[in-house]
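Everything on this sheet refers to the single structure shown next.
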Amino acid sequence: MKLYVIGLGPGDPAQITPKAMAAIAQSDVIAGYTVYIALINQWIENKKILSTPMKQEIDRCRMAIEEAVKGKTVSMVCSGDAGVYGMAGLIYELSAAYPPIEIEVIPGVTAACSGAAVLGAPLMHDFAVISLSDLLTPWTRIEERLHSAARADFVICLYNPSSKKRSDYLEKACRIIMEHQSPNTVCGYVKHIGREGQTSMILSLKELATAQTDMFTTVYIGNSQTKVVEGKMVTPRGYRT
Ligand code: SAH
């Protein structure tokens, strides 16, 4: 009768919260995208697994809700935080058509935070998170948000910066931001945060425009004050030092 919607953090088992672990341990059924299920394999022996490939989010959520309606305790797992480009919203929306079940969202460390910690302290001041994926949002709306955030001098954190089909999206985003910010703005990216092959880079906005990124990369574009301190990307909070 209970459905947990759980953020697993970036991938490193040490970054899963004890609360998320406890909910997983209590669950009869674990639902999620195959890759995330693999991250927690060692803790879910003897549990029913409902894994579906990418892009079948609606089916995955319905299956999880149906198991909870049947009386099971279910964990729907997502990477990072379940409420940040995750499944939490869809679970609430779809559950309205079913008999009532108890839903609890358990937060996780979202990529913006885990990647920021790798680069230094880029998100110390106001920041905007923008996904460059136009699967569910029209590109014109994404462009408007990039313009607005850059114009307002927000630090910008980009999720889904590019994919095989959208290989030039990061470059397009950088060009828009350069209409408002200097090409020398301090930027960074982190690939495979908390996973095997984690790499990170600090570079200028101009360089970022031609950098190779993919769906496992989180990108940071500094504000006008962001600087490099001892090799780390730092946005000053404003303290007089
Ligand atoms: N719910 C997730 C975000 C899902 S959207 C969260 O809160 O983190 C998927 C995007 O998140 C990816 O394209 C990438 O930009 C970012 N991301 C998620 N996990 C990541 C990781 N381990 N390393 C780098 N980027 C990651």
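What follows is calculated from the coordinates using simple rules that are stated; it is not laboratory data. Predicted model only: the values in this text are computed from it and were never measured. For neighbour counting, all protein chains shown are included, and Cβ atoms are generated from backbone atoms with ideal geometry for every residue, glycine included.
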- Starting from the amide H of Gln181, placed 1.01 Å from N in the peptide plane, find each other amide H under 5 Å away whose residue is 5 or more places distant or on another chain. none
- Query: Using a simple charge model, +1 on the beta-carbon of Lys and Arg, -1 on the beta-carbon of Asp and Glu, nothing else, what dipole does the chain show about its Cα centre, in debye to the nearest 20?
  - Reply: 180
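Using just the Cα positions, wrap the chain in a convex hull and report its mean projected area in square nanometres, one decimal place. Numbers along the way, then the final one.
Details: hull surface 55.5 nm².
Projected over every direction and averaged, the Cα hull of the chain covers 13.9 nm².
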- Query: In Å, what Rg and Dmax follow from the Cα atoms of region 2-106?
  - Reply: 12.1, 37
- Set Lys and Arg Cβ to +1 and Asp and Glu Cβ to -1, take the dipole of the chain about its Cα centre, and tell me which of Ser27, Pro183, Leu8 lies farthest positive. Pro183
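What is the gain in length, in nm to one decimal, between Thr137 and Asp28 on full extension, counting 0.36 nm per residue of separation less the C-alpha to C-alpha distance? Present the calculation step by step, with values, prior to reporting the outcome.
Working: separation 109, 0.36 × 109 = 39.24 nm, distance 3.48 nm.
Contour length minus the Cα-Cα distance gives 35.8 nm.
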- Note on the structure: For region 2-106, the count of lysine pairs 8 or more apart or interchain whose alpha-carbon atoms are under 22 Å apart comes to 12
- Query: Once amide H atoms are placed 1.01 Å from N in the peptide plane, what residues at a sequence separation of 5 or more from Ala128, or on another chain, have their amide H within under 5 Å of its amide H?
  - Reply: Val155, Ile156, Cys157
- Shape of region 111-234, Cα gyration tensor, a/c cut at 1.5: oblate
- Query: Where the centre of each part is set by its Cα atoms, how far does region 185-241 sit from region 46-107, in angstrom?
  - Reply: 33
- As straight-line cross-link partners of Lys164, the qualifying aspartates and glutamates (C-alpha separation under 19 Å, not fewer than 8 residues apart within one chain) are Asp134, Asp214
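Tell me the net charge near Lys165. Cut-off is 13 Å between Cβ atoms, Lys165 excluded, with +1 for each Lys or Arg and -1 for each Asp or Glu. Write down the numbers at each step before the final one.
Values: positive: Lys55, Lys164, Arg166; negative: Asp134, Asp168, Asp214.
Charge balance in the 13 Å sphere: 0.
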- Task: Any lysines with Cα under 18 Å of the Lys227 Cα? List them, leaving off those in the same chain fewer than 8 positions away.
- Result: Lys206
- Express as a percent, rounded to the nearest 5, the fraction of DSSP beta bridges in region 2-106 (both residues included) that run antiparallel. 5
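Antiparallel DSSP bridges in the chain: what percent, to the nearest 5?
Values: 18 of 45 bridges.
If I count the DSSP bridges inside the chain, around 40 percent turn out antiparallel.
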- Message: I'd like to compare 122-135, 139-152, 208-221: which one has the highest average count of other Cβ atoms within 10 Å, and what's the full order after that?
- Response: 208-221, 122-135, 139-152
- Given the Cα-Cα distance of Ala96 and Val35 and 0.36 nm per residue of separation, how much length would full extension add, in nm? 19.2 nm
- Message: Order 172-184, 102-114 from most to least packed using the mean count of other Cβ atoms within 10 Å.
- Response: 102-114, 172-184
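If you build the convex hull over the alpha carbons only and average its shadow over all orientations, what do you get for region 41-91? Give it in nm² to one decimal. Before the final figure, lay out the partial values.
On the way: hull surface 15.9 nm².
Result: a mean projected hull area of 4.0 nm².
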